[in-house]
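The values are calculated or read from the model by the stated rules, or taken from the named source; none is laboratory data. Since we're looking at a predicted model, the values are computed, not measured. Cβ placement follows ideal geometry from the backbone for every residue including glycine, while neighbour counts extend to all protein chains displayed.
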Amino acid sequence: MIEPLSIIKLDEVRSAPLRADPFPFVVIESLLRAEYAQDVLRDFPVINSRGFFPLKKVKYGKTFDRLVEELKSPALKSAIAEKFIYCGIALRQS
(Lines give C-alpha, C1' and ligand atoms only; values in the text may rest on other atoms or scores of the structure.)
Protein backbone atom coordinates (compact mmCIF):
# COMPACT_ATOMS: atom_id res chain seq x y z
CA MET A 1 0.00 0.00 0.00
CA ILE A 2 1.33 3.44 -0.93
CA GLU A 3 1.53 5.94 1.94
CA PRO A 4 -0.28 9.20 1.04
CA LEU A 5 1.75 12.39 0.84
CA SER A 6 1.62 14.53 3.92
CA ILE A 7 -0.54 17.64 3.70
CA ILE A 8 2.20 19.77 5.27
CA LYS A 9 5.36 20.31 3.23
CA LEU A 10 8.10 19.83 5.81
CA ASP A 11 10.73 20.72 3.22
CA GLU A 12 9.20 24.22 3.08
CA VAL A 13 9.57 24.54 6.86
CA ARG A 14 13.19 23.40 6.71
CA SER A 15 14.13 25.64 3.78
CA ALA A 16 12.35 28.83 4.88
CA PRO A 17 14.85 31.47 6.00
CA LEU A 18 14.92 32.37 9.67
CA ARG A 19 14.54 36.10 10.10
CA ALA A 20 15.85 37.86 13.20
CA ASP A 21 14.47 41.40 13.17
CA PRO A 22 12.63 42.47 15.27
CA PHE A 23 12.64 38.93 16.75
CA PRO A 24 13.27 35.41 15.38
CA PHE A 25 10.49 34.32 13.02
CA VAL A 26 9.81 32.35 9.85
CA VAL A 27 7.36 33.03 7.03
CA ILE A 28 6.34 29.94 5.09
CA GLU A 29 4.59 30.93 1.89
CA SER A 30 3.38 27.47 0.90
CA LEU A 31 3.03 25.22 3.95
CA LEU A 32 0.22 23.02 2.64
CA ARG A 33 0.25 20.95 -0.52
CA ALA A 34 -2.03 22.54 -3.12
CA GLU A 35 -3.58 19.21 -4.07
CA TYR A 36 -5.17 18.98 -0.60
CA ALA A 37 -6.62 22.52 -0.52
CA GLN A 38 -10.14 21.64 -1.65
CA ASP A 39 -10.34 18.63 0.67
CA VAL A 40 -9.14 20.63 3.69
CA LEU A 41 -11.65 23.41 2.92
CA ARG A 42 -14.47 20.90 2.48
CA ASP A 43 -13.65 19.17 5.77
CA PHE A 44 -13.01 22.35 7.77
CA PRO A 45 -15.43 22.78 10.70
CA VAL A 46 -18.34 25.15 10.13
CA ILE A 47 -18.14 27.91 12.74
CA ASN A 48 -20.78 30.62 12.55
CA SER A 49 -19.82 32.81 15.48
CA ARG A 50 -16.83 34.25 17.29
CA GLY A 51 -15.23 32.53 20.22
CA PHE A 52 -13.08 29.62 21.25
CA PHE A 53 -13.98 26.25 19.77
CA PRO A 54 -12.04 23.22 21.03
CA LEU A 55 -11.72 20.55 18.38
CA LYS A 56 -13.69 18.17 20.60
CA LYS A 57 -16.69 20.50 20.33
CA VAL A 58 -16.84 20.91 16.53
CA LYS A 59 -17.51 18.52 13.67
CA TYR A 60 -15.02 18.21 10.84
CA GLY A 61 -14.01 15.79 8.14
CA LYS A 62 -11.24 13.30 7.57
CA THR A 63 -8.78 15.54 5.70
CA PHE A 64 -9.02 18.33 8.28
CA ASP A 65 -8.46 15.73 11.01
CA ARG A 66 -5.38 14.53 9.15
CA LEU A 67 -4.09 18.12 8.95
CA VAL A 68 -4.57 18.56 12.71
CA GLU A 69 -2.63 15.36 13.38
CA GLU A 70 0.20 16.56 11.12
CA LEU A 71 0.27 19.91 12.93
CA LYS A 72 0.75 18.00 16.19
CA SER A 73 3.32 15.58 14.75
CA PRO A 74 6.84 15.07 16.09
CA ALA A 75 8.16 15.62 12.54
CA LEU A 76 6.77 19.17 12.35
CA LYS A 77 7.80 19.97 15.93
CA SER A 78 11.31 18.79 15.13
CA ALA A 79 11.53 20.83 11.91
CA ILE A 80 10.45 23.97 13.76
CA ALA A 81 12.76 23.31 16.71
CA GLU A 82 15.74 22.78 14.37
CA LYS A 83 15.00 26.10 12.69
CA PHE A 84 15.09 28.11 15.93
CA ILE A 85 17.99 26.36 17.69
CA TYR A 86 20.43 28.40 15.57
CA CYS A 87 19.32 31.64 17.19
CA GLY A 88 19.60 30.26 20.72
CA ILE A 89 15.96 29.31 21.19
CA ALA A 90 15.54 25.77 22.44
CA LEU A 91 11.96 24.69 21.91
CA ARG A 92 10.67 22.04 24.26
CA GLN A 93 9.84 18.70 22.68
CA SER A 94 6.70 17.49 24.48
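Kindly indicate whether residue 83 is modelled with pLDDT under 95 and in contact with a Lys or Arg (Cβ under 9 Å, 6 or more places away or on another chain).
In short, yes.
Scanning region 40-94 for residues that are part of a helix (DSSP H, G or I) and of a type in the set (S, T, N, Q), which turns out nearest to residue 6 (Cα to Cα)?
Residue satisfying both the conditions and the ranking: 63.
In this structure, does residue 61 turn out to be surrounded by 10 or more Cβ atoms within 10 Å (Cβ to Cβ) and without any contact (Cβ under 8 Å) to a residue 24 or more places away in the chain?
Judged against the criteria, residue 61 is a match.
(1) exposed (fewer than 13 other Cβ atoms within 10 Å of the Cβ); (2) closer than 25 Å to residue 91 by Cβ; (3) of a type outside the set (Asp, Glu); (4) out of contact with any Asp or Glu (no Cβ under 9 Å at 6 or more places or on another chain): which one isn't true of residue 48, the others all being true?
If we test residue 48 against (1) exposed (fewer than 13 other Cβ atoms within 10 Å of the Cβ); (2) closer than 25 Å to residue 91 by Cβ; (3) of a type outside the set (Asp, Glu); (4) out of contact with any Asp or Glu (no Cβ under 9 Å at 6 or more places or on another chain), just (2) comes out false.
If you scan region 1-39, which residues turn out to be in a loop (DSSP other than H, G, I, E, B), surrounded by 14 or more Cβ atoms within 10 Å (Cβ to Cβ) and touching a residue at least 60 places away in the same chain (Cβ under 8 Å)?
Across region 1-39, the qualifying residues are 6, 7, 16, 24.
Write out, first by first residue and then by second, each pair whose Cβ atoms fall under 9 Å of each other, whose residues are 6+ apart or on separate chains, and whose first residue, in region 74-91, is touching a residue at least 40 places away in the same chain (Cβ under 8 Å) while the second is exposed (fewer than 12 other Cβ atoms within 10 Å of the Cβ) and assigned to a loop (DSSP other than H, G, I, E, B).
Listed by first residue and then by second, the contacts come to 84/90; 87/20.
What do you reckon, is residue 89 of a type outside the set (Ser, Thr, Tyr), surrounded by 10 or more Cβ atoms within 10 Å (Cβ to Cβ) and at pLDDT below 95?
Considered against the rule, which asks whether it is of a type outside the set (Ser, Thr, Tyr), surrounded by 10 or more Cβ atoms within 10 Å (Cβ to Cβ) and at pLDDT below 95, residue 89 comes out as yes.
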